[in-house]
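The values are calculated or read from the model by the stated rules, or taken from the named source; none is laboratory data. Quantities reported herein were computed from a predicted structural model and do not represent experimental measurements. Cβ placement follows ideal geometry from the backbone for every residue including glycine, while neighbour counts extend to all protein chains displayed.
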Amino acid sequence: MSENRAVRLSARQFLDLVADPGTFTGLPDPARASAPDGPLGWRGYDASRARAAERTGERESVVVGTACVEGTPAVLIVFEFGYLGGSLGERTGDRLEAAYRHAREHRLPVVPLVATGGSRMQEGMLALSQLQRVARQSALTREAGLPQIAVVRDPTTGGGWATLGAGADVILALPGAQVGFAGSRVRPPDADPAAYTAHAQVAAGSADAVVPLEELRAALGLWLRLLTGPVSAPAAPPDALGAAGLPETGWQAVQRARSPRRPRARAYLDAWFGDRRVALVGDRCGGADPAGMLCGFGERDGHAVAFAAQTGTATRPAGFRTATRLIRLADRLGIPVLTLVDTPGAANDAEAERQGVGAAIAELFGAVAAARTPITTLVVGEGGSGGALALAAPGNTWATPDSYFSVIAPELAAAILKRPPEEVEATAGQLRIRPQDLVELGVVRGIAGHSRP
């Protein structure tokens, strides 16, 4: 199947694709009586709804109920685009509110399967105001500690995208789906259509993954399993994968941490989680740093653990913001967090400043400091200044033998002190950045692979 080809299915067809066979049970319809041709007296509105009902077999633009997905129960909200373009009206709002209320009463995650063109014009502002109603229900569900995982289909635009879609904790998108706030008929004539696609939303950090239709049930089931499974104890620091012996000098610690042969974040995540992990991508502010920060959830010994891992490059503002998003979500769901520190420091180019790197680091410091869920940190390579420290758990940080942590890179320290280049190595020693120095200073609790207190 082409990755750029959109596939449109009815609500019932989509239910058959996503829900485990025989598990879907619809919720009672809270539909109320309405004035002829709706609240605005829009001529022909009743006839339009009757034709939509005959064509689709549905009485509204959403089907709501409970079902299991790969064995995990959830509340499903399935849009029927064939019913007036999946638009939201007052009766739609009734059904959506009922779905969220049921989720909170029964402690179930909410899964909106969205395909909508926006609010229903024939109901005017009464239709648009349903977005506030949905946002309120979503916020209450978030406060209740229940996850919301959206699947955005073709098309997902307007207020449906800006509430049920983009407002979810995790957003999966179907290949080729049109996704964006502006629908195709209301965009500027010179707008680039490529910006309004599922792939573009992932690239911009506004969605987490594009998932092929045939893989959707498995992917959604894994997400639900990880975000609703049993809560585990604090994560233990992973075992060191690289050199076992400790460095003799500070400069040797730097050289070992910078070695291209040293194991990086992906190696640690592979060893610790295997393939039972999913990625959380993007900062929801228009940016992503997939090359510099790996975030997501994985399964370890039958329990979920969130992770945020630097990859050895200078961390971009979007990377810090994505880690903040990850930690706040894990904290709300009560899932422990593992962070892997490995960066020469925060990106310090002009573009990073324009993107608010200082504010992004501050937000991450705040998220780590405020987290109630336990956070465990392992320094696996370079620990470069505040860009590394922001990801480190106070009082629960460990180090590998081939890592270092420093207030500043030795070369920069020597330059600031106006020392000649030949004194860089001695400066590294004076900074006391070796793993064993960090233990002695009380900066880290212990060294992975060595005796622990």
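Of the strands (runs of 3 or more DSSP E) lying entirely inside region 364-453, those carrying at least 3 residues that are in contact with a Leu (Cβ under 6 Å, 6 or more places away or on another chain) are 375-384. Of the residues making up region 314-358, just one is hydroxyl-bearing (Ser, Thr, Tyr), in contact (Cβ under 8 Å) with a residue 60 or more places away in the chain and under 20 Å from Ile171 (Cβ atoms), namely Thr322. Here is a check on your reading of the model: is Ala244 touching a helix residue (DSSP H, G or I) at 6+ places or on another chain (Cβ under 9 Å) and more than 30 Å from Ala209 (Cα to Cα)? The answer is no for Ala244. Those residues that are in contact (Cβ under 8 Å) with a residue 60 or more places away in the chain and surrounded by fewer than 17 Cβ atoms within 10 Å (Cβ to Cβ), I need them from region 253-276; list them, please. Across region 253-276, the qualifying residues are Arg258, Ser259.
Can you find even one residue in region 81-101 that is under 23 Å from Pro212 (Cα atoms) and assigned to a loop (DSSP other than H, G, I, E, B)? Among the residues of region 81-101, at least one is under 23 Å from Pro212 (Cα atoms) and assigned to a loop (DSSP other than H, G, I, E, B), which makes the answer yes.
When each of Glu80, Glu105 is tested for being surrounded by 24 or more Cβ atoms within 10 Å (Cβ to Cβ), under 23 Å from Pro28 (Cβ atoms) and among the acidic types (Asp, Glu), the lone residue that passes is Glu80.
For region 216-237, state whether one or more residues are of a type in the set (Gly, Ala, Ser), under 20 Å from the mean Cα position of the chain (by Cα), at positive phi and assigned by TED's automatic domain parsing to the domain that holds Thr163. No: zero hits. Here region 333-360 is the region considered, the condition is being among the hydrophobic types (A, V, I, L, M, F, W, C) and assigned to a loop (DSSP other than H, G, I, E, B), and the residue that is surrounded by the fewest Cβ atoms within 10 Å (Cβ to Cβ) is Ala347.
Every residue, every condition in (1) buried (at least 22 other Cβ atoms within 10 Å of the Cβ); (2) free of Cβ contacts under 8 Å to residues at least 60 places away in the same chain; (3) closer than 20 Å to Leu164 by Cα, yes or no:
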residue	(1), (2), (3)
Gly26	no, yes, yes
Pro36	no, yes, no
Asp46	no, yes, no
Gly86	yes, no, yes
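If you go through region 311-334 and keep only what is under 16 Å from Val368 (Cβ atoms), of a type in the set (A, V, I, L, M, F, W, C) and in contact with a helix residue (DSSP H, G or I) (Cβ under 7 Å, 6 or more places away or on another chain), you end up with Phe320, Ala323, Ile327. If the condition is being part of a helix (DSSP H, G or I) and buried (at least 17 other Cβ atoms within 10 Å of the Cβ), then region 49-69 contributes Arg49, Ala52, Thr56. Exactly one condition in (1) within 18 Å of Gln122 (Cα to Cα); (2) in contact (Cβ under 8 Å) with a residue 24 or more places away in the chain; (3) in a loop (DSSP other than H, G, I, E, B); (4) out of contact with any Ser or Thr (no Cβ under 7 Å at 6 or more places or on another chain) is false for Gly41; which is it? Of (1) within 18 Å of Gln122 (Cα to Cα); (2) in contact (Cβ under 8 Å) with a residue 24 or more places away in the chain; (3) in a loop (DSSP other than H, G, I, E, B); (4) out of contact with any Ser or Thr (no Cβ under 7 Å at 6 or more places or on another chain), only one is false for Gly41: (2).
Within region 279-295, the set of residues being crowded, with 21+ Cβ neighbours inside 10 Å and either farther than 23 Å from Gly384 by Cα or not small (Gly, Ala, Ser) (or both) comprises Leu280, Val281, Asp283, Asp289, Met293, Leu294, Cys295. Only one of the numbered conditions (1) under 24 Å from Ala306 (Cβ atoms); (2) touching a helix residue (DSSP H, G or I) at 6+ places or on another chain (Cβ under 9 Å) is not met by Gly384, and that is (2).
Pairs linking a residue in region 182-198 that is closer than 13 Å to Ala6 by Cβ to a residue that is of a type in the set (Val, Ile, Thr), with Cβ atoms under 7 Å and 6 or more positions apart or on different chains, are Tyr196/Val179; Thr197/Val179; Ala198/Val152; Ala198/Val179; Ala198/Val210.
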